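Report on the structure given below.
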Amino acid sequence: MPTAKKISAAYKLAQDAYAAVGVDTEKAIKRALALPISLHCWQTDDVAGLEPPREGLDGGGIMATGGYPGRARNGDEMRSDLSKVLSLLPGKQRLNLHAFYAETDGKPVDRDALQPEHFSNWVSWARRERIGLDFNPTYFAHPLANAGFTLAHADPSVRQFWIEHGKVSRRIAQHFAEKLRTPCVNNHWVPDGAKDAPADRFAPRHRLAESYDAIFADESVDTAKCIDAVEGKLFGLGSEEYVVGSQEFYSNYALTRQKMLCLDLGHYHPTESVADKVSAHLEFHPKLLVHTSRPVRWDSDHVVTLDDAVRNFFLEIARGNAWNRITIALDFFDASINRIAAYVIGTRATRQAMLCGLLDPTAQLQAAENEGRGHERLALMEYTRALPWGAVWDELCRRDDVPAGADWLKEVARYEKAVLSKRD
Ligand code: RNT
Ligand code: ZN
């Protein structure tokens, strides 16, 4: 376990090694700590939500697998777990809530009738933790989503229900922004799609665009406070053949309607590079939202690790100096391991990838490339992999007063014994 003295000694050496390739580690640490990561609340309870359980629901393409003990069963348990997680993370965090984590005091309140007051416990908690809130309308796990269609449903009354849900979600997001004095990103993802080849791919897409337009037509919502994002995907459980809200659909929609486009690292074909999409989108879109995730063979939402996909994504942000144009959020859920540890691993890995991006000797690499020394570019790229970013990371943790190395595991074990193991 690294002591403060050893961390500082290793950091000094690392600082010199990075300085030799023109990188200022002090600057990188400051920036890596300041950029917020929005933690998804849904790893606490395996995306179950806090609504009364309903029979015969189709999960809407979202499924957490595994039965590790200690799942949070209510809002208080979720908040307790999330506070523990926050205490083990360096840097600035936010919380990303889904609408079905409303707390309605046992009264049934359907999604189209949700109000800011149903989230007052979350707002008080966020205030105590001094963090901002983000939001997501929940267009799944509901009887009116069972057909596999919501905003693109052929029945206008079903569409209208979901349009109302979209509208209330924006008012709730605006409320969060006002209460916590920080803009709230409100991300829309719908499960709409078909398992098998539809005869008409046009009509649902037309309906989806019209429904969103109806949601966003509400001018009482201030778009400086509620920042709407839209998230597409390639396929899902039950929408293997056709996803109404595909990547192309949402790229065009976001661009023409001034909405933020969300790229989820699990939402593409495994051979596609999401990193490569960054510069293509940022040529046209002012900002992007990213969901870091880890697809294993498919959109499996495994806990994020410091793999090449995540590293390369943030390298692109660094190389385009696009840190002000990216909003960072997490999206994974694994019910087969300790959920507190899952968060700490995934959030730390995301921030480590950000740090690695910030430590990239971009100026030298680009100079070598521009001056025709491709071999130098490649050699330097390889060399940077061996540079001691881990020593910089430990120093970053030390400065923010959170456990460095794997020391946080002890606290996870303590919390598991004292709290999680007492849950059914
Ligand atoms: C689904 C999307 C979406 C969800 C969350 C729960 O494929 O990635 O972001 O995971 O809204
Ligand atoms: Zn996502």
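Listed here are the strands (runs of 3 or more DSSP E) enclosed by the stretch 267-327 that have at least 1 residues being open to solvent by less than 30 Å² (accessible area, probe 1.4 Å) and over 25 Å from Gly390 (Cβ atoms): 288-292, 298-302.
Look at the stretch 29-43: where a residue is within 12 Å of ligand 2 (Cβ to nearest atom) and a partner is of a type in the set (A, V, I, L, M), sitting 6+ places away or on another chain with Cβ atoms under 8 Å, you get Ser38/Leu95; Ser38/Val185; Ser38/Ile328; Ser38/Ala329; Ser38/Leu330; His40/Ala329; His40/Leu330. With the structure loaded, tell me whether Ser211 is assigned to a helix (DSSP H, G or I), in contact (Cβ under 8 Å) with a residue 60 or more places away in the chain and either more than 17 Å from Ala152 (Cα to Cα) or open to solvent by less than 30 Å² (accessible area, probe 1.4 Å) (or both) or whether it fails that test. Spelling it out, Ser211 is indeed assigned to a helix (DSSP H, G or I), in contact (Cβ under 8 Å) with a residue 60 or more places away in the chain and either more than 17 Å from Ala152 (Cα to Cα) or open to solvent by less than 30 Å² (accessible area, probe 1.4 Å) (or both). Cβ-Cβ under 9 Å, sequence separation 6+ or interchain: first residue in the stretch 314-333 and modelled with pLDDT of 95 or more, partner of a type in the set (Phe, Trp, Tyr) and away from ligand 1 (no atom under 16 Å from the Cβ). Which pairs? Pairs found: Ile317/Trp323; Ile326/Phe314; Ile328/Phe314. Look at Gly357 and say whether it is at pLDDT 95 or above, open to solvent by 20 Å² or more (accessible area, probe 1.4 Å) and touching a helix residue (DSSP H, G or I) at 6+ places or on another chain (Cβ under 9 Å). Criteria not met by Gly357. The set of residues in the stretch 240-254 being open to solvent by 10 Å² or more (accessible area, probe 1.4 Å) and more than 21 Å from the chain's Cα centre (by Cα) consists of Glu240, Glu241, Asn252. Number of residues in the stretch 117-172 that are surrounded by fewer than 24 Cβ atoms within 10 Å (Cβ to Cβ), in contact (Cβ under 8 Å) with a residue 12 or more places away in the chain and of a type in the set (D, E, K, R) equals 6.
For the stretch 48-72, the candidate set comprises residues that are open to solvent by 20 Å² or more (accessible area, probe 1.4 Å) and aliphatic (A, V, I, L, M); within that set, the residue that is farthest from Asn321 (Cα to Cα) is Leu57.
Among the criteria (1) part of a helix (DSSP H, G or I); (2) under 29 Å from Leu330 (Cβ atoms); (3) in contact with a Ser or Thr (Cβ under 9 Å, 6 or more places away or on another chain), the one Val168 does not fulfil is (3). Of Leu288, Leu306, all but one fail to be out of contact with any Asp or Glu (no Cβ under 9 Å at 6 or more places or on another chain), within 15 Å of ligand 1 (Cβ to nearest atom) and closer than 22 Å to Asn96 by Cα; the exception is Leu288. Ala335 meets each of the listed conditions (1) touching a strand residue (DSSP E or B) at 6+ places or on another chain (Cβ under 9 Å); (2) open to solvent by less than 20 Å² (accessible area, probe 1.4 Å); (3) away from ligand 2 (no atom under 16 Å from the Cβ); (4) over 26 Å from Arg385 (Cα atoms) apart from (1).
A quick yes/no check of all residues on (1) within 21 Å of Lys12 (Cα to Cα); (2) at pLDDT below 95; (3) open to solvent by 20 Å² or more (accessible area, probe 1.4 Å):
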| site | (1), (2), (3) |
| --- | --- |
| Met381 | no, no, yes |
| Trp389 | yes, no, yes |
| Glu395 | yes, no, no |
| Arg398 | yes, no, yes |
| Asp401 | yes, no, yes |
| Asp407 | no, yes, yes |
| Lys410 | no, no, yes |
| Tyr415 | no, no, no |
| Ala418 | no, no, yes |
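Of the residues Lys233, Lys277, Lys259, only one is modelled with pLDDT of 95 or more, charged (D, E, K, R), within 16 Å of ligand 2 (Cβ to nearest atom) and within 20 Å of Gly59 (Cβ to Cβ); which?
Values: Lys277 fails: within 20 Å of Gly59 (Cβ to Cβ); Lys259 fails: within 20 Å of Gly59 (Cβ to Cβ).
Residue meeting the stated conditions: Lys233.
Does Arg128 satisfy being more than 23 Å from Tyr250 (Cβ to Cβ) and either at pLDDT 95 or above or within 15 Å of ligand 1 (Cβ to nearest atom) (or both)?
Details: more than 23 Å from Tyr250 (Cβ to Cβ): yes; either at pLDDT 95 or above or within 15 Å of ligand 1 (Cβ to nearest atom) (or both): yes.
Yes: the conditions hold for Arg128.
The values are calculated or read from the model by the stated rules, or taken from the named source; none is laboratory data. Please read these numbers as outputs of a predicted model, since none were measured by experiment. Backbone-built Cβ (ideal geometry, glycine too); neighbour counts: all protein chains shown. Protein only, heavy atoms only, side chains kept; ligands, DNA and RNA dropped before computing areas. Shrake-Rupley method; radii C 1.70, N 1.55, O 1.52, S 1.80 Å.
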